[in-house]
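What follows is a set of notes on a single structure, which appears directly below.
What follows draws every value from the coordinates through simple rules; no lab data is involved. None of these values were measured; they are calculated from a predicted model. Here Cβ is always computed from backbone atoms with ideal geometry, including for glycine, and neighbour counts include all displayed protein chains.
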Amino acid sequence: MTIWIKDKVRKGDKSAGEIGFPTVNLNPKKTGDIKEGIYSSQIKINGQVYLGVLFYGPRIVKNENNNVLEIHLLGFNGDLYGKILEFTIGEFVREVKNFKNIADLKKEIESDIEKVKELANH
C-alpha cells in the first residue's frame, strides 16, 4: 500500500536550481523515521503524478548538519511555492555522502535520476 504524505512547499535557498536540479522543499519531519539518503518518490500535483528523486538528510557538501527534505521532480516545470502537494517515499537508492566539488555532485545526481527511472520501470 502506498502512503501519500501531504505538505506545503516552502522556500529554499535555490541552490539546487542553480546547479540544474530544482527541488521542492518540504518539512523534514514529514518523513517519519527513515534513514538519511536518496529515495525514489512520486509527487501528486493537481491530480497528476510525477516521478521524483527525494533527498532526506544533511547537505554535507554545504557543511550543513540539519536534515532537509527536498524532491527533484522529473518532467515538471513551474512554481510550487506555498502549494500543497502529496508525495511518497519509495525505494532507497543510496546513503548521503560528501563531494569534493559541484561537478562530482552533479554527476551523482544524474546517476540518482537514472536509478530512480529504472526503479519506476520495474
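Need the full-extension length gain, Asn67 to Lys35, defined as separation in residues times 0.36 nm minus the C-alpha distance. One decimal, nm. Don't jump to the answer; show the numbers that get you there.
Working: separation 32, 0.36 × 32 = 11.52 nm, distance 1.09 nm.
Here the segment from Asn67 to Lys35 would lengthen by 10.4 nm.
Taking θ as phi - 60° and the Karplus parameters 6.51, -1.76 and 1.60, the scalar couplings of segment 41-57 work out to 7, 10, 10, 9, 10, 6, x, 9, 9, 10, 7, x, 10, 9, 10, 10, x Hz in sequence order, x denoting glycine and proline.
Look at the dipole of the chain built from charges on Cβ: of Asn25, Val116, Met1, the Cα furthest out on the positive end belongs to Asn25.
When Rg and the Kirkwood Rh are both derived from Cα coordinates, the Rg/Rh ratio for the chain amounts to 0.92.
In whole percent, what relative contact order does the chain give with Cα contacts below 8 Å and a gap of six or more residues?
Values: 218 pairs, mean separation 38.4, N = 122.
After rounding, I find 32 percent.
Within the chain, which is the longest segment that contains none of the trypsin sites (Lys or Arg not before Pro) sitting in a DSSP loop with at most 16 other Cβ atoms within 10 Å?
Values: sites that count: Lys11, Lys14, Lys35, Lys83, Lys97, Lys100.
Answer - 36-82.
Put simply, the amide H of Gly90, placed in the peptide plane, has neighbours under 5 Å in Ser40, Ser41, Gln42, leaving out anything fewer than 5 places away on its chain.
Rounded to the nearest 20 debye, the dipole size of segment 5-120 about its Cα centre is 300 debye, using +1 on the Cβ of Lys and Arg and -1 on the Cβ of Asp and Glu.
Computed over the chain with a Gaussian network model linking Cα atoms closer than 10 Å, the most mobile of Ile45, Ile71, Ile34 is Ile34.
Listed by chain and number, the lysines whose alpha-carbon sits under 25 Å from that of Lys35, ignoring those within fewer than 8 places in the same chain, are Lys6, Lys8, Lys11, Lys14, Lys44, Lys62, Lys97, Lys100, Lys106, Lys107, Lys115, Lys117.
Give the distance, in whole Å, between the Cα centre of segment 1-30 and the Cα centre of segment 32-111. So the two Cα centres are separated by 7 Å. Springs between Cα atoms under 10 Å define the GNM used for the chain, and in it the highest mean-square fluctuation of Ile43, Ile89, Ile102 occurs at Ile102. For segment 53-122, a simple Cβ point-charge model (Lys and Arg +1, Asp and Glu -1, everything else neutral) yields a dipole of about 220 debye relative to the Cα centre. When the Gaussian network model of the chain links Cα atoms closer than 10 Å, the mean-square fluctuations of Gly78, Gly37, Gly52 top out at Gly78.
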